[in-house]
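Okay, so here's the structure we're looking at.
What follows is calculated from the coordinates using simple rules that are stated; it is not laboratory data. Here the structure is a predicted model, which means the values were calculated and not measured. Please note: Cβ atoms are built from the backbone with ideal geometry, for glycine as well, and neighbour counts cover all protein chains shown.
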Amino acid sequence: MKHHQIILYIFIIYFFHVSTSRESENLFNHSKRLTHAIINGEVRSNGTLLNIDRNSHIIIELRLTRDDRPRSIARTKIKLDSNRTKDPFSLLFKLKYPLSKMNPHNTYILTARIRNSQNKLIYVGDLPVPVTERKEKQAKHLIINVVETPSWFSNIDKLSLLAYKVTQLAGTEEAFTSDFYTNKKSGIYTCVVCNSTLFSSKHKYNSGTGWPSFYQPAIEKNVAADVDRKYGLTRTEVHCANCKAHLGHVFDDGPQPTYLRYCINGVALQFYSDEYDRK
């Protein structure tokens, strides 16, 4: 009986030792767990940065863009030296961000905004980023190209949440919800962001789909196309050639003479009746 008690005692001591060792190891690994990661990148410009003064600065920001307007995840501010903004302009940066706020199912964008001493936005640049929760998969040395702020850029902040989601994040409005679907007035349809002429009532028809449809653009060069492979489908996405605002898709089931159907989100458009001059 004594031998059995001794063996049981030894077994309990061994089990307690193993359990304690594992707990200590888990605590050690937990303390070593990564909490942040770093994006290494570069901001570039095709030419010399103009209108830069001694108090100009650049803000690099990582933003979540899944739902509606971008939400800031991390940002860094760098003061610019006017002597370093000559052609070609290049600036290296490091941006540290918290892994706890990242989700591989979300989409993220890296932005560069250059403002002068009057806080006027003079250069902008955006770059979609493949960010994940695993540091070893983090993209390295991302390059953001900045351009002079377009005249229409401030209009983006004035968009409704739905218009922003559609034009900036390639979303889709619900069918049969746009007043433009049943609009039969004569006039032109322009981009809601930059006001470029896109479509005309002369080419509009009732497709029965629930979205405003046209068989051709009013000015062909103002509407650009790209391949869209989201949701396991291969479609042709269309956007404004000037500001890149997403408009919808084009299909080959339209009427004569083009046999095309430009299926467009109504919130991406503005309408100007022939009865009034466009402002």
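What FRET efficiency do you get for Leu161 and Lys244 if R0 is 22 Å and r is their Cβ-Cβ distance, rounded to the nearest 0.05? Provide the component values of the computation, followed by the final result.
Details: r = 19 Å, r/R0 = 0.87.
After rounding, the FRET efficiency stands at 0.70.
So, with +1 on the Cβ of K and R and -1 on the Cβ of D and E, and no other charges, what is the size of the charge dipole of segment 162-273 about its Cα centre, to the nearest 20 debye? Don't skip to the end; give the middle numbers.
Values: 11 positive and 9 negative charges, 35 e Å.
About 180 debye.
Sorting check: for 247-258, 183-194, which peptide has the highest mean count of neighbouring beta carbons within 10 Å, and how do the rest follow? Intermediate values should be presented prior to the final figure.
Details: 247-258: 16.1, 183-194: 19.0.
Final packing ranking: 183-194, 247-258.
Whole-Å semi-axes of segment 209-279's equivalent ellipsoid, largest first, each the root of 5 times a Cα gyration tensor eigenvalue?
On the way: eigenvalues 98, 46, 27 Å².
Listed largest to smallest, the semi-axes of segment 209-279 are 22, 15, 12 Å.
Would you please classify the overall shape of segment 162-273 from the alpha carbon gyration tensor, given that a ≥ b ≥ c denote the square roots of the eigenvalues, rounded means a/c under 1.5, and beyond that prolate means a/b larger than b/c while oblate covers the rest? List each step's numbers first, then the result.
Values: a/c = 1.28, a/b = 1.12, b/c = 1.14.
Cα axes put segment 162-273 in the rounded bin.
Highest mean first, what order results for 220-233, 118-131 on Cβ atoms within 10 Å?
On the way: 220-233: 11.4, 118-131: 15.7.
Ranking, from highest mean packing down: 118-131, 220-233.
Would you please classify the overall shape of segment 100-206 from the alpha carbon gyration tensor, given that a ≥ b ≥ c denote the square roots of the eigenvalues, rounded means a/c under 1.5, and beyond that prolate means a/b larger than b/c while oblate covers the rest?
oblate
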